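Working notes, beginning with the structure itself.
The values are calculated or read from the model by the stated rules, or taken from the named source; none is laboratory data. In this text, all values refer to a predicted model and were calculated from it rather than measured experimentally. So basically every Cβ, Gly included, is an ideal-geometry build from the backbone, and we count neighbours across all protein chains shown. Keep in mind that these areas ignore ligands, DNA and RNA; they rest on the heavy atoms of the full protein, side chains included. Shrake-Rupley method; radii C 1.70, N 1.55, O 1.52, S 1.80 Å.
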Amino acid sequence: METSTDLPAAPAGGAAAAAPPPGSACLVCGSTSRAQRFVQRGYPVYRCLGCGLQFVWPTPTAQELSDHYARNYAVSLERYAAARERNIARIAELERWRPERGRLLEVGAAYGHSLALARDMGWDVAGVELSGAAAAYAREHFGLEVFGSDLGEAPLEPGSFDAAILWHVLEHSRDPKAQILRLASLLRPGGVLGIRVPNAESFGSRVAGVWWPWMCPPTHLWFFSRSTLPRLLRDCGFEVVEVRTQRGDGNNLYQYTLMWAGHALNELRLRLRTRGQGGAVPAPAPLPAGERAEAALAGTAARPEAPAAADAAAPRAADRGAPTSSGLLQRWLDLLQRAQPLTNALARHTRFALEPIERRGWGDELLVYARRRP
């Protein structure tokens, strides 16, 4: 159930008016009306009543996020190195919009594997990576120009790039709009921007809700859709040329359907149990925290863009002191885990049927390409 409320009003207009504090107005449409969806890991997640953008509010401080990533979030070098074929396919896809290549910037360059492949394919490359250790590896191992800093602090020349990519970076940022505006200044007119983020309106998101694997604050702070991300890009000086959804690193639709069926059957069980008692339907028992429960619900393989295991297993503030889950729930989680290999196999054999559905908005990954307007 969503609880509607209003954010603090933005200050009145005028040359001397200060900008609204971060989070006081919607990043996309400027509305100050919001509805709380739920609390995940101790962080309230809201939906803007103006445009539908979902976001964590209040936005965690820079220090909170720094502490979180230092403590809970890590992606191994091996996982990035294993993604060679996927990275080649992504660069080839970018070249549909920039066949003449040119100078490419990757924000969130990690250890440099994707940039190194782009260089081999004829691009002049540079990158930005918050992790100093990963940036150093990219420089030392691949000889790449990768700055170990935030995008806003990187010493990059305005108008010096022909293309820029952010693969699952924007949802981590404290201020995505500032990132996009910075990229608009770095790209030449007509330059191409490619963005991948989780799709907040996917089938999995609708079915799993708070337990959707990408609903993992404070790692992810913003949850975009096919309408909100293109709108933000247009407001920042871009012309959107492609919007697409796909499975990405999400679970398969069959597994999500099982999750939905389990939830529906449990709701029916609770209603039948209380019908003769004249009482309210009790809330379902909270799902157990921890890596085992998350694995049963998420089913994601160890891919570079999947939530890290350390992050998934981290204790949630909202779960501390929660009642012990029922034996029925534990049996359901066991069933989901046993079903995962079967639904994976079924998804592989029916890929021809699933892909068109995932591309029509049901997939967990949202992909947007845009050009900088002159």
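Can you say whether Arg139 is in contact with a strand residue (DSSP E or B) (Cβ under 9 Å, 6 or more places away or on another chain), over 18 Å from Leu193 (Cβ atoms) and either surrounded by fewer than 20 Cβ atoms within 10 Å (Cβ to Cβ) or at pLDDT 95 or above (or both), as far as the supplied structure shows? Spelling it out, Arg139 is indeed in contact with a strand residue (DSSP E or B) (Cβ under 9 Å, 6 or more places away or on another chain), over 18 Å from Leu193 (Cβ atoms) and either surrounded by fewer than 20 Cβ atoms within 10 Å (Cβ to Cβ) or at pLDDT 95 or above (or both). Annotation: Pro282 fulfils all but one of (1) modelled with pLDDT under 80; (2) under 30 Å from Gly30 (Cβ atoms); the unmet one is (2). Within the range 111-133, being over 20 Å from Ile180 (Cβ atoms) and either open to solvent by 50 Å² or more (accessible area, probe 1.4 Å) or part of a loop (DSSP other than H, G, I, E, B) (or both) holds for Tyr111, Gly112, Arg119, Asp120, Met121, Gly122, Trp123, Asp124, Ser131, Ala133. A count restricted to the range 152-202 and to residues that are in contact with a helix residue (DSSP H, G or I) (Cβ under 7 Å, 6 or more places away or on another chain), surrounded by 23 or more Cβ atoms within 10 Å (Cβ to Cβ) and part of a helix (DSSP H, G or I) stands at 3. Of everything in the range 226-254 that is open to solvent by less than 10 Å² (accessible area, probe 1.4 Å) and in a strand (DSSP E or B), the residue that is nearest to Leu193 (Cα to Cα) is Phe238. Scanning the range 42-79 for residues that are open to solvent by 60 Å² or more (accessible area, probe 1.4 Å), under 24 Å from Leu232 (Cα atoms), out of contact with any strand residue (DSSP E or B) (no Cβ under 9 Å at 6 or more places or on another chain) and outside any loop (DSSP other than H, G, I, E, B) yields a single hit, Ala62.
Hey, any hits in the range 331-340 for a residue that's modelled with pLDDT of 75 or more, outside any helix (DSSP H, G or I) and in contact with a Lys or Arg (Cβ under 8 Å, 6 or more places away or on another chain)? No, the range 331-340 contains no residue that is modelled with pLDDT of 75 or more, outside any helix (DSSP H, G or I) and in contact with a Lys or Arg (Cβ under 8 Å, 6 or more places away or on another chain).
Is it true that some residue in the range 288-296 is surrounded by 13 or more Cβ atoms within 10 Å (Cβ to Cβ) and modelled with pLDDT of 55 or more? Checked the range 288-296: no residue is surrounded by 13 or more Cβ atoms within 10 Å (Cβ to Cβ) and modelled with pLDDT of 55 or more.
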